[in-house]
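Accompanying notes for the structure given below.
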Amino acid sequence: MNAPIHHDLDLDARYACARSLALEAAQLGMNFYRQREALTVEHKGSDRQDVVSVADKQIEAFIRGRLAECFPEDGFLGEESGSADLRARCVWVIDPIDGTACFVNGLHNWCVSIGLLVDGQPCIGAIADPNHDELFHGCQGRGAYVNDTPLKVSTATHVSEGLTGVGTFHPRGKEHFIPFLQKLLAEGGMFIRNGSGALMTAYVAAGRLIGYYETELKSWDCLAGLVLVAEAGGVRNDFFRNDGLLRGNPYLVAAPGVYRQLAELIGPSLDA
Ligand code: 2AM
Ligand code: CA
């Protein structure tokens, strides 16, 4: 399917902005990260594993403010500050820090994720990982890159040929996690969990992981990465069904040669 070309929208300006803003926000994140002992960490709701710090909130405010200045007509959805104008043609979907639990515990797997939906479709993505000097970015119809290197998904045809990213969290869906791991191992597969859905999605696009399954994910964790996966030749499940943009859903992205096998190992809960 040919990608729609949005001649009437300035996608060049939005793509450039997504990349530079992700890099700037990631540097802000690094300033907090180097002084993380001083951060007050709060828990979201009743899940003691779901954490947030002043860094998440300040970085989101920075990104949101800049986007409102540059593209006042665009909508916005962020993990920490909620949404505005979701009916706009262009809606930014951002996570100021994806991998917050890693961030507050001094583990280097976190990033800033900035995605753009155009007419409801993932169109632009920028994921900045300042600990590894990697900026993953892509735009519908124009390819996906890490820094200047093009991304391509793995050529694997069986789960035993590479690593599969996984993740789960407490409030919903964790009962599907162990059964999946058992089946993956029985097939000779192997799993890895790095704590950042955006980075694991980018790693699928880069062919570093053959696939990535999360029992439940939020849209701000994956929207930017979905652009990269599509542009790099990967496949995803129907993540946006049942109001997935706002509520989240089970999530699978993979190289085309292993997508079906992974979906079968997960079973019907993937698209329930
Ligand atoms: P976060 O760091 O932005 O919270 C890791 O498996 C992934 O799970 C991360 O992308 C993490 O995002 C996400 N995650 C953590 N808590 C979550 C929750 N309550 N709902 C959905 N995803 C969550
Ligand atoms: Ca976050």
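The values are calculated or read from the model by the stated rules, or taken from the named source; none is laboratory data. Quick caveat: nothing in here was measured; it's all calculated off a predicted structure. In this analysis, Cβ positions are derived from the backbone assuming ideal geometry, glycine residues included, and neighbour counts consider all displayed protein chains. The protein model used for the area step is the full one, side chains on, heavy atoms only, and it has no ligands, DNA or RNA in it. Shrake-Rupley method; radii C 1.70, N 1.55, O 1.52, S 1.80 Å.
Table for the structure above
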| item | result |
| --- | --- |
| Gain on full stretching of the segment that runs from Asp119 to Ala38 - 0.36 nm per residue minus C-alpha separation | 25.0 nm |
| Two-decimal Rg/Rh across the stretch 163-270, once Rg and the Kirkwood Rh are taken from alpha-carbon atoms | 0.92 |
| Set Lys44/Lys174; Lys57/Lys174; Lys152/Lys183; Lys44/Lys218 screened for pairs whose C-alpha atoms are more than 23 Å apart | Lys57/Lys174; Lys152/Lys183 |
| Protein accessible area in the stretch 11-150, 1.4 Å probe - carbon and sulfur % | 47 percent |
| Share of Cα-Cα pairs in the chain lying beyond 29 Å, as whole percent | 27 percent |
| Cβ-derived FRET efficiency at R0 22 Å, Asp238 paired with Ala186, nearest 0.05 | 0.25 |
| Trypsin sites (Lys or Arg not before Pro) restricted to the stretch 83-181 and DSSP loop, no more than 10 other C-beta within 10 Å | Arg87 |
| Share antiparallel - DSSP beta bridges, the chain, percent rounded to 5 | 80 percent |
| Mean shadow area of the stretch 11-150, taken as a quarter of the surface of its Cα convex hull (nm²) | 8.5 nm² |
| Förster radius 30 Å - calculated FRET efficiency between Glu24 and Leu86, Cβ distance, rounded to 0.05 | 0.75 |
| Heavy-atom surface of the chain, accessible at 1.4 Å and reported per residue (Å²) | 44 Å² |
| Highest average packing first - 116-123, 248-255, 10-17, Cβ atoms within 10 Å | 248-255, 116-123, 10-17 |
| Those GluC sites (Glu not before Pro) in the stretch 73-112 that DSSP places in a loop and that have at most 16 other beta carbons within 10 Å | Glu73 |
| Gaussian network model of the chain, Cα within-10 Å springs - most flexible of Gly207, Gly197, Gly138 | Gly207 |
